[in-house]
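> Got a structure for you, written out below as structure tokens; questions coming shortly.
The values are calculated or read from the model by the stated rules, or taken from the named source; none is laboratory data. Values in this document were obtained by computation on a predicted structure and should not be read as measured data. Quick reminder, even Gly has a Cβ in these numbers, built from the backbone with ideal geometry, and neighbours come from all protein chains shown. Protein only, heavy atoms only, side chains kept; ligands, DNA and RNA dropped before computing areas. Shrake-Rupley method; radii C 1.70, N 1.55, O 1.52, S 1.80 Å.
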Amino acid sequence: MEASAGLVAGSHNRNELVVIRRESGAGGGAARRAEAQAPCQICGDDVGVGFDGEPFVACNECAFPVCRACYEYERREGSQACPQCRTRYKRLKGCPRVAGDEEEDGVDDLEGEFGLQDGAAREDDAQYVAESMLRAQMSYGRGGDAHPFNAIPNVPLLTNGQMVDDIPPEQHALVPSYMGGGGGGKRIHPLPFADPVQPRSMDPSKDLAAYGYGSVAWKERMEGWKQKQERLQQLRSEGGGDWDGDDADLPLMDEARQPLSRKIPIPSSRINPYRMIIIIRLVVLGFFFHYRVMHPVNDAFALWLISVICEIWFAMSWILDQFPKWLPIERETYLDRLSLRFDKEGRPSQLAPVDFFVSTVDPSKEPPLVTANTVLSILSVDYPVDKVSCYVSDDGAAMLTFEALSETSEFAKKWVPFCKKFNIEPRAPEWYFQQKIDYLKDKVAASFVRERRAMKREYEEFKVRINALVAKAQKVPEEGWTMQDGSPWPGNNVRDHPGMIQVFLGQSGGRDIEGNELPRLVYVSREKRPGYNHHKKAGAMNALVRVSSVLSNAPYLLNLDCDHYINNSKAIKEAMCFMMDPLLGKKVCYVQFPQRFDGIDRHDRYANRNVVFFDINMKGLDGIQGPIYVGTGCVFRRQALYGYDAPKTKKPPSRTCNCWPKWCLGFCCSKRNKKKTTKSNPEKKKRLFFKKAENPSPAYALGEIEEGVPGAENEKTGIVNQQKLEKKFGQSSVFVASTLLENGGTLKSASPASLLKEAIHVISCGYEDKTDWGKEIGWIYGSITEDILTGFKMHCHGWRSIYCIPKRPAFKGSAPLNLSDRLHQVLRWALGSVEIFFSKHCPLWYGYGGGLKFLERFSYINSIVYPWTSIPLLAYCTLPAICLLTGKFITPELSNVASIWFMALFICIFITGILEMRWSGVAIDDWWRNEQFWVIGGVSSHLFAVFQGLLKVLAGIDTSFTVTSKGGDDEEFSELYTFKWTTLLIPPTTLLLLNFIGVVAGISNAINNGYESWGPLFGKLFFAFWVIVHLYPFLKGLVGRQNRTPTIVIVWSILLASIFSLLWVRVDPFLAKNDGPLLEECGLDCN
């Protein structure tokens, strides 16, 4: 698909496809040439070219358009005659001989005549296998049912994917292993393998000739590798020496073979005291709860019971949060080794391609200028240009976003070469020009100052054009938006519009001002129709997965929110140090980067940075099975998103009976036979098997495997049932074929027109019906926090994730500054956790028996249980006011032993926090802000999330998804003081007023009753001040800079606090009560 093809809009269900040119006279030549060439009249694909580079002509009599694949099939399986003129087909150069061909003298084509060309390399190539499958099942636009497809070969690498020197896996000799099988039903093309061969187990240590395979090229390559190894060993033993010109890369071989990353454990002097205090705290908690349960407060039994229940819940919540931090680690990457291995100068880069996903919905809340900066930072990333593709999902079908992206693509032609020429950071122009640093530092080029000033002028003009588009979009015409050629904008109806695709930049067009290629930039807006559940952001991300698989099919994906730009241009290489590591990478499903933010006030009043979570909790998870997915800044392995299990690590051989004394020989053998008998149960449940060897080769072996059946090991070489694959992935033969390419790559046999149709097809609103999308594949549906579900499913499949913290933050984004937006953001996260709690994917009962580790499950349980802590937290924060108003307390008078346990518990809590900050490097103010906002969010957003989740589950009342505003005023931190009305403000405001009233009432009562009542009062005041101090940032935000608190908040809070206080005063006033009747002197003499 070319960059100049224009906007493509269409609907697969309605059989509509429209191409809207951006400019009437631009860029239509290639498309017209493609249309002028007649397609194959049998399968509909392009005819292609022959060995001489000319258009392929099957019949020399009538030139009936038939592609080579149909020609070879007709000669091998059909009538061997032209469908139009019925003339017998003659053998063409490069095609194999069939029965009935005439003898050919003087023709030097023995390789093609007897099918010897390319040997195993052609038939065993992953590309060839997938394209053969595509040709066999391509059915788009032809009608009819899908043709059954029963067999596909499993082609493992001889070296199991291991790197041999600098030879990539795709260039290694491949050993074919076929499975025969009859195919039922009609099909257009057969498989490219006519003679099935029974598979044989291969021993890589033996010569290939022993199995009848191999090639001269492979033997020569192996001999060259062995010679290099011998010379390297000789130079090692000699301790140096001069290097020949032919072996100039030998000194680098040692470095290139080293691991690309390493784990850095926390020093024992820091982590061991932390673990010890956790154990001590557990013991102290046991004694504390023993005392609390065994010493109830009889005159305030209800208060005592509520407080004990709350404390037990808090203890369980602490355990769920604490133990996943037991094994924290840090990681270090080696970018120089990555370059030596995969990106050597003067050679084509072997770094893996990466597809970037940027999602946006509403340009009014997500300003186009913010999205443009994110896109520009992606296009200028420090990565090979031909390996980068950027897909922007516009789920609001806004013409403003489309036009802004068009302007961005034009500005990128100037911005990208400037970034790469001077190696600037960051590469988002808005943030680069806002830096208050010496931009001349380390810039020695004389032209830098001049070009920087010119580029800043260009960017200011770019901002003016974007702002003009925004101003124009404020007033929508009655007839809707129209494009430059006068055609109506397909997305005028946001809820009912066709799918739209526009390639702005790409390898076939759109070069920068210096003539260099630019990364591919694609605009995507999926089809929307009434009556369909589009699944919000998760559905948009799955549409991007399918579109990118059809157009570029990179093996790795990186998703970013529209406000998260790339702050470190080498961030992708940091992730590749884990993904492409031959020892670690094959089991890694994603690499998660921490979220860092710009534009936050110095004190971080509302804990927007979330430093405790990203620098403590996530490091702890990295030492277990990996961090959870947080929704942005994450590099995925595409195959992991397809719902496959992680490759199994081959266990070392166990000791045989010969290693044991003779007396236990019989016992071992009998036990082993018993185990074999147990495993041979033929009723074992079938499952989708994704065959991966010790180090997985390309994913060809997909199919239903019944384990335990005799001969199942041989059957694991692969039987792919096309109908089951289409049921799993959807009715797109191009997409299904692309899933077989584990190392990525597009299908060369498919024409641009067919890829375009398939791209529109896979973003149609009904494509996911009756498939596994959102259930087992892609982003998982069922919660507005789809990120937690998606990562959880991958970990249940046995994958592990990696947490990467570069020295320079990889990505930076914007965070809501004002209190109302921040509370709504936390509400959305908490509501998603409640939805997961009530779903079938709840970590409390889902995924047992899979690959999820025990402590990792603790973390996921904590991530969906924490909103429920709001109920005991609200009750616990109300208790101080009640105690002060009633004169009662939740604990009896403490004895000396009880005082020790209370003091020990507070000391353990204090020391745990100090040691946690010590090993993690988190500052005390960040830690304290996190503690404060845990209380603020708990008594407001989390509480509302629980009630909204219950309403959704019990009553079916759904809540609307609110996009957090990404824009701000020009004044620095102006949003911090903006206050908006929301019901989330009422509970914490009521708590503040209640505790203030309680403090005043308690002190007044103590003054009236004398000094004896001051002792018990201190415990109650400490309890009340604990609540007030934690709610202090809320109080500060409530008052604001200019006293702009909404009146309704004050009225409701005072009303609730007054009613509650008067109720308690009426029920239990401060006056002392007597057990007997109240006796008063009436003034009469009864004697």
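> Once you keep just the Cα pairs under 8 angstrom separated by 6 or more residues, what percentage relative contact order results for the stretch 264-352? List each step's numbers first, then the result.
Working: 24 pairs, mean separation 35.5, N = 89.
The normalised contact order for the stretch 264-352 reaches 40 percent.
> Just by accessible area at a 1.4 angstrom probe, what is the order of PHE906, PHE448, PHE838, PHE64 from largest to smallest?
PHE906, PHE838, PHE64, PHE448
> Based on the alpha-carbon gyration tensor of the stretch 348-412 and its eigenvalue square roots a ≥ b ≥ c, which shape applies: rounded if a/c is under 1.5, prolate if not and a/b is larger than b/c, or oblate?
prolate
> If you average the C-alpha positions of the stretch 489-560 and of the stretch 576-644 separately, how far apart do those two centres end up, in angstrom?
Centre-to-centre distance over Cα atoms comes out at 25 Å.
> With a ≥ b ≥ c taken as the square roots of the eigenvalues of the C-alpha gyration tensor of the stretch 583-651, please select rounded if a/c is under 1.5 and otherwise prolate if a/b is larger than b/c or oblate if it is not? Please list the in-between numbers first.
Working: a/c = 3.84, a/b = 2.29, b/c = 1.68.
Prolate.
> Still on this model: From the backbone phi of the stretch 352-368, what are the Karplus-calculated ³J(HN,Hα) couplings (6.51 cos²θ - 1.76 cosθ + 1.60, θ = phi - 60°) in whole Hz, Gly and Pro given as x?
Taking θ as phi minus 60°, the curve returns 6, x, 9, 9, 9, 10, 10, 10, 9, 10, 10, x, 6, 9, 10, x, x Hz for the stretch 352-368.
> Then there is this: In the structure shown, do any of LYS727/LYS748; LYS436/LYS812; LYS263/LYS421; LYS573/LYS793 have a Cα-Cα gap over 28 Å, and if so which?
LYS263/LYS421
> Normalised by the residues of the stretch 483-525, what does the relative contact order come to in percent, with Cα pairs under 8 Å and at least six apart?
Normalised by residue count, the contact order of the stretch 483-525 is 34 percent.
> What number comes out for the charge environment of ALA81, summing +1 per Lys or Arg and -1 per Asp or Glu over other residues with Cβ under 12 Å away? Mind showing how you got there, number by number?
Working: positive: ARG75, ARG86, ARG88, LYS90; negative: GLU61, GLU74.
Taking every Cβ under 12 Å from that of ALA81, the sum is +2.
> Report the extension gain between TRP845 and LEU905 in nm, rounded to one decimal, defined as 0.36 nm multiplied by the number of residues separating them, less their alpha carbon distance.
18.4 nm
> Now a separate question. Taking H placed 1.01 Å from N in the peptide plane, check which residues at least 5 places from GLY778 or on another chain put their amide H under 5 Å from its amide H.
TYR642, GLY643
> Another question, then. Report, by chain and number, residues whose modeled amide H sits under 5 Å from the one on ILE566, excluding near sequence neighbours (fewer than 5 apart, same chain).
Long-range HN contacts for ILE566: SER377, ILE378.
> Further question: Any idea which of LEU557, ASN533, VAL522 is furthest toward the positive side of the dipole for the stretch 522-590, if Lys and Arg beta-carbons carry +1 and Asp and Glu beta-carbons -1?
The listed residue farthest towards the positive side: ASN533.
> Further question: Full extension from LYS853 to LYS365: what is 0.36 nm times the residue separation minus their Cα-Cα distance, to one decimal in nm? List each step's numbers first, then the result.
On the way: separation 488, 0.36 × 488 = 175.68 nm, distance 3.97 nm.
So the chain would gain 171.7 nm between LYS853 and LYS365.
> What are the ³J(HN,Hα) couplings of the stretch 895-909, residue after residue, when phi is run through the Karplus curve with 6.51, -1.76, 1.60 and θ = phi - 60°? Round to Hz, x for glycine and proline.
8, 5, 5, 4, 4, 4, 5, 5, 5, 5, 5, 5, 5, 5, 4
> Something else now. Go ahead and run the numbers for FRET between SER447 and ASN516, Cβ-Cβ distance against an R0 of 25 Å, rounding to 0.05.
0.90
> Could you work out the relative contact order of the stretch 284-425, using alpha carbon pairs under 8 angstrom and six or more residues apart, expressed as a whole percent?
20
> Using θ = phi - 60° and the Karplus form 6.51 cos²θ - 1.76 cosθ + 1.60, what ³J(HN,Hα) does each residue of the stretch 59-67 get, whole Hz, x for Gly and Pro?
So the Karplus estimates, Gly and Pro as x, are 10, 7, 8, 10, 6, 4, x, 9, 6 Hz.
> With 28 Å as the limit, write out which pairs from LYS387/LYS853; LYS587/LYS775; LYS325/LYS807 have Cα-Cα distances beyond it, or answer none. Intermediate results must be reported in sequence, preceding the final value.
Details: LYS387/LYS853 35 Å; LYS587/LYS775 22 Å; LYS325/LYS807 22 Å.
Violating the 28 Å limit, Cα to Cα: LYS387/LYS853.
> I'd like the accessible area for HIS797: 1.4 Å probe, protein heavy atoms, all chains in place, Å² to the nearest 10.
Here the residue's solvent-accessible area equals roughly 40 Å².
> How far is it, in nm, from the label point at GLU54 to the one at ASN1005 when both lie 7 Å from their Cα along the line to the Cβ?
Each label point is offset 7 Å from its Cα along the Cβ direction, giving 10.5 nm.
> Amide H of CYS59 versus every other amide H placed in the peptide plane: which residues, excluding those fewer than 5 positions away on the same chain, fall under 5 Å?
PHE64
> Separate question: Points 7 angstrom from Cα along the Cβ direction at VAL476 and MET294: gap in nanometres?
7.0
> With a 1.4 Å probe and all protein chains kept in place, how do VAL361, VAL922 rank by accessible area, largest first?
Accessible-area ranking of VAL361, VAL922, largest first: VAL361, VAL922.
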